[in-house]
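First up is the structure itself, then whatever we jot down about it.
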Amino acid sequence: MNVDLPLVRRLEAMGLRAWPAKNVLYDGAWQLRVTAGHPSKRLNSLSVLDRSDIADMEIRLEKARRHYAAFGRPLLIRETPLTPAAIGEYLASEGAETFDESLVMTVDLQQFQAADAVELLPSQDVGRFVDASLAINPVKGLTKAGLAEVVTAIKPAHGLFIRESAQGKAYAAGLAVHDFDMAGIEAFAVAAGARRQGHGRKLAAAMLRWAKGRGARMAWLQVTAKNAAAIALYQGFGFTEAYRYRYWREQQ
């Protein structure tokens, strides 16, 4: 597919602000993200943000390796359409492997019928949101403090969305970030026992309504390529694929 590189650059910048890493180091257009309290690959990987920045590639990769080793983490390279092809070719020649492909999807909010969505007021209670998120979607190695650290570091306007049963048990949660004319959806999850009942659709619609009401013209999200159910849900709202990314890991 043809990729709109200016849009990719904007979405990559939006993603950095919407899901911020604790430590970010730049080496030219190479961005090294590390977050000790969160195991997410997006928060603990190297991205190259300019296709032309391949000078001293092998030396810089070794420096990146040492940087991540200092945090007790392996070097992961996040390959997007902005990544120079030479880096992937070099990694493949060294026996590295790709894994975990994801889609970045967008929708024109001008076409979204907000009136059809249930209004759900977002919470600003980080602790409540973190508890709900971890109960719905427990992640190995992720603690309440680790997730709270990421959420509280988000600078653009954002809303924390939670759907609960009459007994107060959370069964769906998500985070929407409004940044300039765009809005991103992060940490979207529905409890295993509550899936295929329309809860995810209602929550996503409420988040998109909130974003459009704040003036956002486009919404974006990221979803793993293997999550066919989630992709179908988003396509139902008009989301289409903007680009894909994947990770490289070296042999240990």
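The values are calculated or read from the model by the stated rules, or taken from the named source; none is laboratory data. Note that this is a predicted model, so its numbers are computed, not measured. As a convention, Cβ positions derive from the backbone with ideal geometry for all residues, glycine included, and neighbour counts pool all protein chains shown. Remember, those area values only see protein heavy atoms, side chains included, never the ligands or the DNA or RNA. Shrake-Rupley method; radii C 1.70, N 1.55, O 1.52, S 1.80 Å.
Of the set (1) of a type outside the set (Phe, Trp, Tyr); (2) within 18 Å of Gln113 (Cα to Cα); (3) part of a helix (DSSP H, G or I), all apply to Gly238 but (3). Of all the numbered requirements in (1) more than 20 Å from the chain's Cα centre (by Cα); (2) buried (at least 23 other Cβ atoms within 10 Å of the Cβ); (3) hydrophobic (A, V, I, L, M, F, W, C), Ala173 misses one, and that requirement is (1). Selection of the range 78-100 for residues being touching a strand residue (DSSP E or B) at 6+ places or on another chain (Cβ under 7 Å) and part of a helix (DSSP H, G or I) yields Ile87, Gly88, Leu91.
Which pairs do you get when a residue that is modelled with pLDDT of 95 or more, found in the range 130-151, comes within reach of a residue that is loosely packed, with under 15 Cβ neighbours inside 10 Å, reach meaning Cβ atoms under 6 angstrom, with the pair 6+ apart or on two chains? Going by the 6 Å Cβ cut-off, the qualifying pairs are Val130/Lys144. Report whether or not Pro39 is under 16 Å from Ala70 (Cα atoms) and not in a helix (DSSP H, G or I). Yes: the conditions hold for Pro39.
Would you mind stating whether Ala216 is buried (at least 21 other Cβ atoms within 10 Å of the Cβ), in contact (Cβ under 8 Å) with a residue 12 or more places away in the chain and assigned to a loop (DSSP other than H, G, I, E, B)? Even if it seems obvious, please write down each step before you answer.
Details: buried (at least 21 other Cβ atoms within 10 Å of the Cβ): yes; in contact (Cβ under 8 Å) with a residue 12 or more places away in the chain: yes; assigned to a loop (DSSP other than H, G, I, E, B): yes.
Taking the combined requirement at face value, the residue satisfies it.
Can you confirm whether the range 145-152 contains a residue that is open to solvent by less than 20 Å² (accessible area, probe 1.4 Å), over 20 Å from His38 (Cα atoms) and within 22 Å of the chain's Cα centre (by Cα)? No; the residues of the range 145-152 include none that is open to solvent by less than 20 Å² (accessible area, probe 1.4 Å), over 20 Å from His38 (Cα atoms) and within 22 Å of the chain's Cα centre (by Cα). Would the range 155-168 turn up any residue that is in a helix (DSSP H, G or I) and not hydroxyl-bearing (Ser, Thr, Tyr)? Checking the range 155-168: not a single residue is in a helix (DSSP H, G or I) and not hydroxyl-bearing (Ser, Thr, Tyr).
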